[in-house]
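The values are calculated or read from the model by the stated rules, or taken from the named source; none is laboratory data. The shown structure was predicted, so the numbers you read here are calculated from the model rather than taken from an experiment. Here the Cβ positions follow ideal geometry from the backbone for every residue, glycine too, while neighbour counts run over all protein chains shown. With ligands, DNA and RNA removed, areas are computed over all heavy atoms of the protein, side chains included. Shrake-Rupley method; radii C 1.70, N 1.55, O 1.52, S 1.80 Å.
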Amino acid sequence: MSHEPHEGTTATRQHRISETVRASLGATAVLMLATVAFTMVMTGAYLNYLQPWFGPWLLAASIAAGTLALWSLLELAERAQQEAGAHRAASGHGHGVPRITALLVVPALLFALAAPSSLGADAVSEVQLQQRTDEVETIEFPPLPEDEVNELSLQEFSDRYVFGDPEELDGTPVRLLGFAGHPSHLPKEQWTVNRFRIFCCVADSTLFSAIITGVPMPQGDDVWVEVEGVIDLGASDRLPVIVATSVEVVTRPEEPYL
């Protein structure tokens, strides 16, 4: 005489399998994020979005999250095998945890291998520039020597123009490093050298720029350059205008943000 599995027992078993599937999906998602974070730290790609001091914390968090996710997946796999074995013993067949959950790792790996680059020329027209205003109280900066080229970051140069006395920059040779861009409001013969500063992440980025004239803009996407020249106060308004004497294409710095 054959015995059919009790309907309540079957429903309970199916509920457990459903709970296992949901837990597996959650653990896989955490593993996916941990894999992305770990890969970005190992390759240095996180520097496209965060300040360098985030690196050790991001690494520790990715290892901890990945370890917990793997431990959870192993526990869930063992539980699923036990439940499947019990189900097979009772009905002659069973249901395993869908292996499709493993496919969630694929988009994570694709993102890790082809992550978006750092902020560059494409973002120049979408970010508020630091510009000089009449209401700014003048700050006194240490004078720059006029008989040598002064290597300044774009933030240092911009701060001197925006918050200091622009007259002190008149005729002073400077060297600036940044990526070349051409905002739509500028005439064809002018372009900008630019660099972003992030205080925490790209969401709080500030763009520092100087208008370049006298030499053509180098061709290419996200080209980094070193520009030497002097400020033209007569042509400058809210942004400083640099009459360039030389422009050299350089390799993008390892840390693209100020």
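Select from region 180-193 the residues that are in contact with a helix residue (DSSP H, G or I) (Cβ under 6 Å, 6 or more places away or on another chain) and assigned to a strand (DSSP E or B) and list them in ascending order. Once the filter is applied, which keeps residues that are in contact with a helix residue (DSSP H, G or I) (Cβ under 6 Å, 6 or more places away or on another chain) and assigned to a strand (DSSP E or B), region 180-193 yields only GLY181.
Do we find that ALA210 is at pLDDT 90 or above and either closer than 25 Å to PRO166 by Cα or not in a loop (DSSP other than H, G, I, E, B) (or both) in this structure? Yes: the conditions hold for ALA210. Here GLY66 meets the list (1) at pLDDT below 70; (2) open to solvent by less than 40 Å² (accessible area, probe 1.4 Å) almost entirely, failing just condition (1). So, in region 213-231, of the ones that are at pLDDT 90 or above and not in a strand (DSSP E or B), which residue ends up farthest from the chain's Cα centre (by Cα)? Out of the qualifying residues, it is GLY214. Of the candidates VAL250, VAL243, VAL225, the single residue that is under 27 Å from TRP53 (Cα atoms) and surrounded by fewer than 18 Cβ atoms within 10 Å (Cβ to Cβ) is VAL250.
Taken together, the residues in region 238-254 that are within 14 Å of GLN190 (Cα to Cα) and outside any strand (DSSP E or B) amount to 2.
Could you check region 186-207 and list, in sequence order, the residues that are at pLDDT 85 or above and loosely packed, with under 13 Cβ neighbours inside 10 Å? PRO187, LYS188, GLU189 - these are the residues of region 186-207 that are at pLDDT 85 or above and loosely packed, with under 13 Cβ neighbours inside 10 Å.
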